[in-house]
Protein chains: 2
Amino acid sequence: MAVNIKPLPQLHPVRGIRLGTAAASIKKPGRRDLVILEIDTGASCAAVFTQNAFCAAPVTIARKHLAQTAPRYLLINTGNANAGTGAQGLYDAATCCSALAQLAHCKSNQVLPFSTGVIGEPLPVDKIVHGLPDACAKLSDTGWEDAAHGIMTTDTVPKGVSRKIDIQGSTVTVTGIAKGSGMVCPDMATMLAFVATDAGVRQEVLQQCLREAVQASFNRITVDGDTSTNDACVLIATGKSALVRIDHIAHPAYRILCDAITEVCVELAQLIVRDGEGATKFITVRVNGGASEQECNTVAYAIAHSPLVKTAFFASDPNWGRILAAVGRAGITGLDIARITLHLDDVCIVRDGGRAADYEEKRGLDVMRKSEITVNVDLGRGSHASTVWTCDFSYDYVRINAEYRT
Amino acid sequence: MAVNIKPLPQLHPVRGIRLGTAAASIKKPGRRDLVILEIDTGASCAAVFTQNAFCAAPVTIARKHLAQTAPRYLLINTGNANAGTGAQGLYDAATCCSALAQLAHCKSNQVLPFSTGVIGEPLPVDKIVHGLPDACAKLSDTGWEDAAHGIMTTDTVPKGVSRKIDIQGSTVTVTGIAKGSGMVCPDMATMLAFVATDAGVRQEVLQQCLREAVQASFNRITVDGDTSTNDACVLIATGKSALVRIDHIAHPAYRILCDAITEVCVELAQLIVRDGEGATKFITVRVNGGASEQECNTVAYAIAHSPLVKTAFFASDPNWGRILAAVGRAGITGLDIARITLHLDDVCIVRDGGRAADYEEKRGLDVMRKSEITVNVDLGRGSHASTVWTCDFSYDYVRINAEYRT
């Protein structure tokens, strides 16, 4: 049911990155569920992780390892989140890192673990360790597509984005993969996303670039309002391109590279929404005219989280009263409803807080029948704005989440 | 699909209150959709209304009239919320009040209007005015049951609760009716609830009693997290019982009366949840061990609003990881997950932040298959607690809300 997703495009190799995938039977046999991403020496690595207090064991270990040294390997499994698993979970994640380190002749803390899947089950360490040699044997710089498949959970399609850009006469590649597609309301991170470039960037600068890119992309989407325990987004800069190394954000190449990385992240984030559980429509919620970006964001998420708004989109019902009700309950102090304007695409439905005189239901219905819809709210009290992307709420959302563990 | 709701009990008349109902064809013909509640002179009246900034026209008018004088009539219509209707909506609500005032020989501002139904459509004033004589002709002190039917929207059953209590040798009656059953996440009010007693209570004391009762009842429920534009809860004290008038909260009868009114409100609030749109289960979320009641409430609502938790309840899947994830994303500063305990009914699932050693999936499954389930979370950081009632999230929720306007 993914909404207007094109087949996986060509994912350009990034010099200094190799990927290998294996089927380790973690949840089900025969499914690619184990991915290794190898990083050449000399690269920088930035990462952001979930703000959920119940963060998973691999998040804790990855944060710790990243603070100690530059990583050489990312080890990703699906089928089990290793979350809510207490001390045993930490031990299990560390064991997997050690096993890969031994195979790859590096140190344990040069491996960052990532897990996604069901919460609360013990990590099947043996299966993962058993699958590692096969994944290592497959390491290749053309492994991105297999890896995009290998990190999928309830995703119906693999998600990848790739760009080649020219910076100061050098060709620079940015390639990323991501997975959704439920428990998606990222907070300072996403579900899982791995982005690499062959540009060379100092670690602190790379972290700043990632923060900026994530704020404009993964932190602007919601499928169901639930922030995952395992969210993580990693950005690697291998420094293998001919471009000189970017050592500070005032470097003229920084803006160009960061914009390209942000573009890749926005596209990956939108892919997650387009493949949101049960999604039949892709909705852009744009809130303008706010006194601050924060209040625009609050209103946008109140709309994007409302089950009543989302089921109306599913039904192609221009039930704009539900959108207004969501705006009204967002808790914006001193909101003057008489100044509010609401458009669905270019159809003005509400002006000055009431139904626009020239609005006809048929025009609203024509917009609602589309698979891509923009909700545009103007609060009429300032010049700030925010955009959030979401999807509708369908029977399939309930089916997928009622059947998830069976 | 209402969960364990008994047939409407006998609703004892309240001396000084008469109710009349009519079918005014507001949304569909042949349906009781207009209710008048007549209040004898000398009564006190307290009310709380929605905190949604997009409050409906009748809410604005009712607030204004209530501030001016003691009401003699409540005028309630279903089938149209008169919300998002701008200046015309205010005019329409006032017109209806005037029409009833003329029939009943009182002043316009002695009528409080209440509307519920679809948002954003013009109120069909002519139909309402045309239905008033019939509703007036039917005024009767035994009209509570008809009125409980007359205020229903997507409710599948009428909701009413009635008590007779003895206070200082006098028999006092408390009778109330309410309607849900979607866009339910009351904030200082409920959907629509009307409660009356024949006790005599000074208005300010009655307002305090209502605040207390609502805080423990309607402000503790959620069906879908959406606060309505039309929420209102009215409490009337007619003073017709033999009990002496309660003039201050230190009066010995105050606590007894207020507890009885709170009990009636809690039962009505639970009825709204039991009949929540698509509900198949009634869930009590109890959070203990918090540093404040507010943080317990925040955690309880994070669980009660999570579509992932709610679909797991629908599926009878003891997917407790989703409950932990909701606790973790609630945004409680300094939450130590290693101190968290989770029970489903009396089955301990999580202890010290991880799966309890003695937990077996079968025991969780046995609880999840029940139609009434208590989620008990202990945060292990204080002595405060909060309870919230909610329901599960089913295919029927999507169906009801996708088909609502068709």
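The values are calculated or read from the model by the stated rules, or taken from the named source; none is laboratory data. Values in this document were obtained by computation on a predicted structure and should not be read as measured data. Counting neighbours? That spans all protein chains shown, and the Cβs are built from the backbone with ideal geometry, glycine included.
Kindly establish whether A:Cys55 is touching a Leu at 6+ places or on another chain (Cβ under 8 Å) and closer than 18 Å to A:Asn230 by Cβ.
The answer is no for A:Cys55.
Quick one: which of B:Leu112, B:Leu103 is more than 14 Å from every other protein chain (Cβ to nearest Cβ), more than 28 Å from B:Gln207 (Cα to Cα) and not hydroxyl-bearing (Ser, Thr, Tyr)?
Result of the check over B:Leu112, B:Leu103: B:Leu103.
Scanning region B:366-378 for residues that are within 14 Å of chain A (Cβ to nearest Cβ) and without any contact (Cβ under 8 Å) to a residue 60 or more places away in the chain returns B:Met368, B:Arg369.
Contact map, region A:286-297: residues that are acidic (Asp, Glu) paired with residues that are assigned to a strand (DSSP E or B), Cβ distance under 9 Å, separation 6+ or inter-chain. Pairs shown: A:Glu293/A:His384; A:Glu293/A:Ala385; A:Glu293/A:Ser386; A:Glu295/A:Val287; A:Glu295/A:His384; A:Glu295/A:Ser386. In region A:37-58, of all residues being of a type in the set (A, V, I, L, M) and within 14 Å of chain B (Cβ to nearest Cβ), the one that is nearest to B:Ala302 (Cα to Cα) corresponds to A:Ala53.
Could you tell me whether any residue of region B:241-260 is in contact with a His (Cβ under 6 Å, 6 or more places away or on another chain) and farther than 15 Å from B:Ala46 by Cβ? The answer is no, given that none of the residues of region B:241-260 is in contact with a His (Cβ under 6 Å, 6 or more places away or on another chain) and farther than 15 Å from B:Ala46 by Cβ.
Conditions (1) small (Gly, Ala, Ser); (2) closer than 14 Å to A:Val285 by Cβ, marked per residue:
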{"position": "A:Val327", "(1), (2)": "no, yes"}
{"position": "A:Gly334", "(1), (2)": "yes, no"}
{"position": "A:Leu342", "(1), (2)": "no, yes"}
{"position": "A:Asp345", "(1), (2)": "no, yes"}
{"position": "A:Ile349", "(1), (2)": "no, no"}
{"position": "A:Tyr359", "(1), (2)": "no, no"}
{"position": "A:Leu365", "(1), (2)": "no, no"}
{"position": "A:Asn376", "(1), (2)": "no, yes"}
{"position": "A:Ala385", "(1), (2)": "yes, yes"}
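Check A:Ala302, A:Ala315 and return the single one that is touching a Lys or Arg at 6+ places or on another chain (Cβ under 7 Å) and crowded, with 17+ Cβ neighbours inside 10 Å. It is A:Ala302.
Looking across A:Pro13, A:Pro58, A:Pro71, one residue alone is under 28 Å from A:Gln203 (Cα atoms) and not in a loop (DSSP other than H, G, I, E, B). It is A:Pro58.
If only residues of region B:279-296 that are within 23 Å of the chain's Cα centre (by Cα) and buried (at least 21 other Cβ atoms within 10 Å of the Cβ) are counted, the one that is modelled with the lowest pLDDT is B:Ala279. What do you reckon, is B:Lys164 closer than 28 Å to B:Arg245 by Cα and modelled with pLDDT under 95? Against the criterion (closer than 28 Å to B:Arg245 by Cα and modelled with pLDDT under 95), B:Lys164 qualifies. Of B:Arg399, B:Arg363, B:Arg381, all but one fail to be in contact (Cβ under 8 Å) with a residue 40 or more places away in the chain, surrounded by fewer than 19 Cβ atoms within 10 Å (Cβ to Cβ) and over 27 Å from the mean Cα position of the chain (by Cα); the exception is B:Arg381. Name every residue in region A:384-396 that is within 12 Å of another protein chain (Cβ to nearest Cβ) and buried (at least 21 other Cβ atoms within 10 Å of the Cβ), in order of residue number. Within region A:384-396, A:Asp392, A:Phe393, A:Ser394 qualify. Applying a threshold of 6 Å to beta carbon distances and a minimum spacing of six or more residues, or different chains, the list of pairs starting in region A:35-63 at a residue that is at positive phi and ending at one that is surrounded by fewer than 23 Cβ atoms within 10 Å (Cβ to Cβ) and small (Gly, Ala, Ser) reads A:Gly42/A:Gly239. Residues of region B:194-222 that are under 10 Å from the mean Cα position of the chain (by Cα), part of a strand (DSSP E or B) and either closer than 16 Å to B:Tyr254 by Cβ or not β-branched (Val, Ile, Thr) (or both): B:Phe194 alone. Note on region A:118-132: residues that are under 17 Å from A:Thr60 (Cβ atoms), surrounded by fewer than 21 Cβ atoms within 10 Å (Cβ to Cβ) and either touching a strand residue (DSSP E or B) at 6+ places or on another chain (Cβ under 8 Å) or within 12 Å of chain B (Cβ to nearest Cβ) (or both) amount to 1. Only one entry in A:Ile337, A:Ile349 is more than 7 Å from chain B (Cβ to nearest Cβ), touching a helix residue (DSSP H, G or I) at 6+ places or on another chain (Cβ under 9 Å) and either farther than 25 Å from B:Asp392 by Cβ or in contact (Cβ under 8 Å) with a residue 24 or more places away in the chain (or both), namely A:Ile349. Output the number of the condition that A:Ser98 fails; it satisfies all remaining conditions of (1) crowded, with 18+ Cβ neighbours inside 10 Å; (2) over 26 Å from the mean Cα position of the chain (by Cα); (3) under 17 Å from A:Thr69 (Cα atoms). Answer for A:Ser98: the failing condition is (1). For region B:84-151, the helices (runs of 4 or more DSSP H) that sit wholly inside it and include 3 or more residues that are touching a helix residue (DSSP H, G or I) at 6+ places or on another chain (Cβ under 8 Å) and in contact (Cβ under 8 Å) with a residue 12 or more places away in the chain are B:86-104, B:125-137.
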